[in-house]
Amino acid sequence: MDSAKACSGIQTGDNDRFLRQWFEVSLSSIGFNISTNNESVRSKCKWFPHKKGGEYIRWYGNCDYVMNWQNGGEDIIKHPSSRPQNISYLFREGVTWSHTSISSFSARISEPGFTFNVEGPTAFANNLNLLLGYLCSSVAYHFMMLMNPALHFLVGTVSILPYDEARILSRKDDVITITDEAISIARDNWNYYETSWDFVRITFIKNAATLSDAFTDWESHCLAQRTRMKELEEENNRLFIDAYGLQAELTPDVPDEQITLAKPDRDADMRRLVSYALGCMMGRYS
């Protein structure tokens with residue numbers, strides 16, 4: 001990629017010791033919104049948001065782990081099995097993906113303040129919206145399958161993708177608009193769930209008078225969001241297919257199963273409601 005740099009992240013040497021789900025540690029011990037390694041040291045925090053690959057999710061998500069990077073990662077750096085590489089790129093905004101997948105390639109924005117490891121490689125560029133649009137396009141996946149038809153998306157494979165901002169320059173604003181909206185929809189979707197540190201409340205009980213009405217509204221909302229995301233992804237594909245002259249090779253169509261947004265599930269959603277109600281009663285959100 002001429003217009004971006006892809007980096008492998010830290011190998012801790014002992015994930016059971018150095019990684020936690022964010023809700024397993026005190027919230028006050030997590031350093032959010034850190035911009036540099038030096039700032040992380042000054043914060044006196046022990047844990048920092050961490051990208052560790054994760055499930056197949058596009059545009060935004062898998063914000064669930066934290067890593068022990070206390071005092072600039074001194075414990076990890078001293079560990080005999082660790083590989084603390086690309087430290088200067090920690091906490092920078094980038095585009096991350098899952099190194100290993102059971103389905104397909106999926107890229108997501110990595111907002112400022114995150115560390116990352118070998119399972120969550122990250123690429124950095126001047127225009128991350130363009131890069132994310134490209135990596136979420138059928139064009140990028142087409143090239144990756146030609147070079148490495150496996151489900152291990154290595155830094156080396158991503159690094160040699162024919163990505164050049166000049167190819168899409170005439171439609172740059174369109175791609176940026178699409179990517180902004182796709183990230184926004186995917187971020188809202190991630191925050192619907194209590195497992196997000198930005199979770200506020202169960203969305204589908206906000207305005208309805210009865211649970212039945214609430215679930216009907218939730219079904220309509222999910223359908224509208226999935227329909228809109230499908231439109232955005234297909235338009236994004238179309239722009240990059242045209243830019244690379246691959247109209248004879250690819251179509252912009254996106255299968256429904258590639259839309260990584262919530263689907264309404266009455267049983268699961270009612271369990272979420274019970275969990276939320278218990279959380280309110282037991283002071284989880286105080």
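Key figures
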{"read-out": "Computed [θ] at 222 nm, helices only, for the chain once each DSSP H run of length n ≥ 4 contributes -39500 (n - 2.57)", "value": "-11500 deg cm²/dmol"}
{"read-out": "For S110, residues with placed amide H under 5 Å, excluding near neighbours", "value": "G94, V95, T96"}
{"read-out": "Three-way shape label, the chain, alpha-carbon gyration tensor, a/c 1.5", "value": "oblate"}
{"read-out": "Mean separation of Cα contacts under 8 Å (6+ apart) over length of segment 132-229, as relative contact order %", "value": "17"}
{"read-out": "Shape of segment 181-232, Cα gyration tensor, a/c cut at 1.5", "value": "oblate"}
{"read-out": "HN-Hα J in Hz across segment 248-255 - Karplus 6.51, -1.76, 1.60, θ = phi - 60°, x for Gly and Pro", "value": "7, 9, 10, 10, x, 4, 10, x"}
{"read-out": "Cut-off under 5 Å, modelled amide H: who pairs with R83 long-range", "value": "Q11, T12, G13"}
{"read-out": "Set K44/K78; K46/K230; K46/K263; K44/K263; K51/K230 screened for pairs whose C-alpha atoms are more than 30 Å apart", "value": "K46/K230; K46/K263; K44/K263"}
{"read-out": "Estimated distance in nm for a label pair at L246 and D164, the labels positioned 7 Å out from Cα along Cα-to-Cβ", "value": "1.5"}
{"read-out": "Three-way shape call for segment 230-286 based on the alpha-carbon gyration tensor, with the a/c threshold at 1.5", "value": "prolate"}
{"read-out": "Relative packing of peptides 5-17, 266-278, 45-57 - highest average C-beta neighbours within 10 Å first", "value": "45-57, 5-17, 266-278"}
{"read-out": "The chain: relative contact order as a whole-number percent, Cα under 8 Å and 6+ apart", "value": "19"}
{"read-out": "Positive-end residue of W197, P252, N237, charge dipole of segment 180-265 with Cβ unit charges", "value": "W197"}
{"read-out": "Whole-angstrom gap from segment 90-113 to segment 41-82, using each part's C-alpha centre", "value": "13"}
{"read-out": "Near-label residues of segment 204-232 by backbone N, under 18 Å of a point 7 Å along Cα→Cβ of S103", "value": "222-232"}
{"read-out": "Protein accessible area in the chain, 1.4 Å probe - carbon and sulfur %", "value": "49"}
{"read-out": "Per residue accessible area of segment 162-286, 1.4 Å probe, in Å²", "value": "57"}
{"read-out": "For K51, distant residues with modelled amide H under 5 Å away", "value": "T115, F116, N117"}
{"read-out": "Trypsin sites (Lys or Arg not before Pro) lying in DSSP loop within segment 165-213, provided at most 14 other Cβ fall within 10 Å", "value": "R201, K206"}
{"read-out": "Residue-by-residue Karplus 3J(HN,Hα) for segment 127-134, coefficients 6.51, -1.76, 1.60, Hz, glycine and proline x", "value": "10, 6, 5, 5, 4, 5, x, 5"}
{"read-out": "Two-site label geometry, L273 and R42: point separation in nm, points 7 Å out along Cα→Cβ", "value": "4.8"}
{"read-out": "Top positive-direction residue, dipole computed over the chain with Cβ charges, set I10, H152, L130", "value": "I10"}
{"read-out": "Under Karplus coefficients 6.51, -1.76 and 1.60, residue-wise ³J(HN,Hα) of segment 110-121 in Hz, glycine/proline x", "value": "10, 5, x, x, 9, 8, 8, 10, 5, 7, x, x"}
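The values are calculated or read from the model by the stated rules, or taken from the named source; none is laboratory data. Note that the coordinates shown come from a computational prediction; the quantities given were computed from them, not determined experimentally. When we count neighbours, we look across all protein chains shown, and the Cβ atoms used for this are built from the backbone with ideal geometry, even at glycine. SASA here: full protein model, heavy atoms, side chains in, ligands and nucleic acids out. Shrake-Rupley method; radii C 1.70, N 1.55, O 1.52, S 1.80 Å.
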